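Undergrad: Sharing a structure with you now.
Bear in mind these aren't lab numbers, they're just calculated from the coordinates by the rules spelled out. Please read all numbers here as calculations on a predicted model, not as lab measurements. Methodologically, a virtual Cβ is constructed for each residue, glycine included, from the backbone with ideal geometry; neighbour enumeration extends over all protein chains shown.
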């Protein structure tokens, strides 16, 4: 019997795992203050901060990153397993488990960025998600009548766009599941006899 | 046929339960672990370990009622950073004949990229009668290579009589208690800082003046 494969699921699983590996080294979104005086490297799997050449993480964020690492790993592996057995009775559970995870992570990440930048905006600091901007720090928080203006640059990096591709493929895998699971099983191909061929021609 | 259906149902339930348990484990496990690690210091959950010293020092200062001054200058101690507060290399020099005033500051670049100092200028004012004594600035932009230190010469012109107003008795050096720094402009590493007025006597790290 021909093995059925959910090709979208296979691609989604592979890309999800690739996103995971790349994200360990490259952030999804990066904010740079001045000439790298301060950096924010934001990613669901590895968020860290740089200040004056030192890199540091916040333990709670580290734990959340670990949650996302395990989530991506489980999602990618389960999606790969599912894609080779899409017709099993439990396949829909495997798919349901794996296809939502990258989507949720992506939505939470983008929502988190929007919330954080909006909160910063409430304090008079308009942080650009994409592009560069001269940012004036609010003077009410600075002593001695000081004013500080910094060049701030924000940009989404390759893993973010790959994550969108992985999410799209996960959704495509879910949609394709209906076809791959309900398609009639194909009979093994047999060579048609000359008589059968002639009969077919007459009918036509 | 019935056995086959039952087997499929068992398989589905087994997978469903296994996936649910896996979801709970990977979601709750790391969070419980990190809370357990920091159970005696829950503030540490949101404070990077590298800033622990800074947090402790600030906490001590607040408890001592010393919330003013310049806490960062004396307490910024970030583990893993090569950051050092700029230090005066030697006593400021003054040439009475030419009126030229200069001081040298040692600045270290803690970054992994080149650090540019495009502007550093300040006006010196006498504290007694608020007269402008002179301006000092760096003559040209300076680039410091990653991890290296550089001596920055800050120079300016001060008339002799003005210098006498702010110098300590018979010392020939500027007495920081006699001056106020006005309109400090710094452009370093893409950050532009302007400070209207600084009383240098309140800055402990510049005690060498």
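Undergrad: How high is the relative contact order of the range A:84-177, in percent, counting Cα pairs under 8 Å that sit 6 or more residues apart?
TA: The value is 30 percent.
Undergrad: Pop the C-beta distance of residue A:7 and residue A:104 into the FRET formula with R0 = 30 Å and round what comes out to the nearest 0.05.
TA: Efficiency, rounded to the nearest 0.05: 0.80.
Undergrad: Pairs of alpha-carbon atoms within less than 8 angstrom and 6+ residues apart define the contacts here; what relative contact order does chain A have, in percent?
TA: About 30 percent, as a whole number.
Undergrad: Based on the Kirkwood radius over alpha-carbon pairs, what value in µm²/s does the Stokes-Einstein equation return for the translational diffusion coefficient of the range A:1-129 at 37 °C and 0.692 mPa s?
TA: After rounding, the answer is 200 µm²/s.
Undergrad: Shape of the range B:91-145 from its Cα gyration tensor (a ≥ b ≥ c, root eigenvalues): rounded if a/c is under 1.5, otherwise prolate when a/b > b/c, or oblate?
TA: Cα axes put the range B:91-145 in the prolate bin.
Undergrad: Using the count of nearby Cβ atoms within 10 Å as a rough guide to exposure, how do A:144, B:12 rank from fewest to most?
TA: Taking fewest neighbouring Cβ atoms as first place, the list is A:144, B:12.
Undergrad: What is the helix-to-structure angle for A:7-23, meaning the angle in degrees between its Cα long axis and the longest Cα principal axis of chain A, kept from 0 to 90 and rounded to the nearest 10?
TA: That works out to roughly 20 degrees.
Undergrad: Can you tell me which of A:15-25, A:124-134 comes out highest on packing, and rank the rest after it, using the mean Cβ neighbours within 10 Å?
TA: Ranked by mean Cβ neighbours within 10 Å, highest first: A:15-25, A:124-134.
Undergrad: Which whole-number percent gives the relative contact order of the range A:64-128, counting Cα pairs below 8 Å spaced six or more residues apart?
TA: Over the range A:64-128, the number comes to 27 percent.
Undergrad: Now for a separate question. Please give the peptides A:36-45, B:151-160 ranked by average Cβ packing (other Cβ atoms within 10 Å per residue), highest first, as a rough proxy for protection.
TA: Those peptides, ordered most packed to least, come out A:36-45, B:151-160.
Undergrad: Then there is this: Using only the alpha-carbon atoms, how far is helix A:158-182 inclined from the longest principal axis of chain A? Give it as 0 to 90 degrees, nearest 10.
TA: In chain A, helix A:158-182 runs at an angle near 30 degrees to the longest axis.
Undergrad: State the three equivalent ellipsoid semi-axes of the range B:82-206, derived from the C-alpha gyration tensor as the square roots of 5 times its eigenvalues, in descending order and whole Å.
TA: In descending order, the three semi-axes are 27, 15, 13 Å.
Undergrad: Continuing with the same structure: Under the rule of -39500 (n - 2.57) per DSSP H run of 4 or more residues, summed and divided by the residues of chain A, what mean residue ellipticity at 222 nm is obtained, to the nearest 500 deg cm²/dmol?
TA: The helix-only estimate for chain A comes to -19000 deg cm²/dmol at 222 nm.
Undergrad: Averaged across A:146-156, how many Cβ atoms of other chains sit within 10 Å of each residue's Cβ atom?
TA: Across the residues of A:146-156, the mean count of other-chain Cβ atoms within 10 Å is 3.
Undergrad: Can you compute the modelled spin-label distance between residue B:85 and residue B:104, with each label point 7 Å from Cα toward Cβ, in nm?
TA: 2.1
Undergrad: Assuming R0 = 30 Å, can you tell me the calculated FRET efficiency for the pair residue B:145 and residue B:201, based on Cβ-Cβ distance, to the nearest 0.05?
TA: 0.30
Undergrad: Mind checking the angle between helix A:91-122 and chain A's longest principal axis? C-alpha axes, 0 to 90 degrees, to the nearest 10.
TA: Helix A:91-122 and the main axis of chain A meet at about 20 degrees.
Undergrad: Between residue B:132 and residue B:17, what is the label-point separation in nm under the 7 Å Cα-to-beta-carbon projection?
TA: Between residue B:17 and residue B:132, the label points sit 8.4 nm apart.
Undergrad: Can you tell me the mean projection area, over all orientations, of the convex hull of the range B:2-46's alpha carbons? Units nm², please.
TA: For the range B:2-46, averaging the hull's shadow over all directions gives 3.4 nm².
Undergrad: For residue A:140 and residue A:114, calculate 0.36 nm times their separation in residues minus their Cα-Cα distance, and state this gained length in nm to one decimal.
TA: Result: 6.9 nm gained on full extension.
Undergrad: Taking the Cα of residue A:87, stepping 7 Å toward and past its beta carbon, and measuring to each backbone N in the range A:1-25: which are under 18 Å?
TA: A:1-10
Undergrad: Okay, next question. For residue B:119 and residue B:10 in the same chain, what is the full-extension length gain: residue separation times 0.36 nm, less their Cα-Cα distance, in nm?
TA: Separation in residues times 0.36 nm, less the Cα-Cα distance, equals 31.8 nm.
Undergrad: So how far apart, in nm, are the two label points at residue B:36 and residue A:126 if each is 7 Å from Cα heading toward Cβ?
TA: About 4.8 nm, to one decimal.
Undergrad: For the residues B:118, B:40, what sequence is obtained by ranking on other C-beta atoms within 10 Å, fewest first?
TA: Arranged by neighbour count, lowest to highest, B:118, B:40 become B:40, B:118.
Undergrad: A further question follows. Shielding of B:111-121 by partners, i.e. mean partner chain Cβ atoms within 10 Å per residue?
TA: Across the residues of B:111-121, the mean count of other-chain Cβ atoms within 10 Å is 2.
Undergrad: Determine the shielding of peptide A:47-57 by partner chains: average, over its residues, the number of Cβ atoms on other chains within 10 angstrom of each Cβ.
TA: 6
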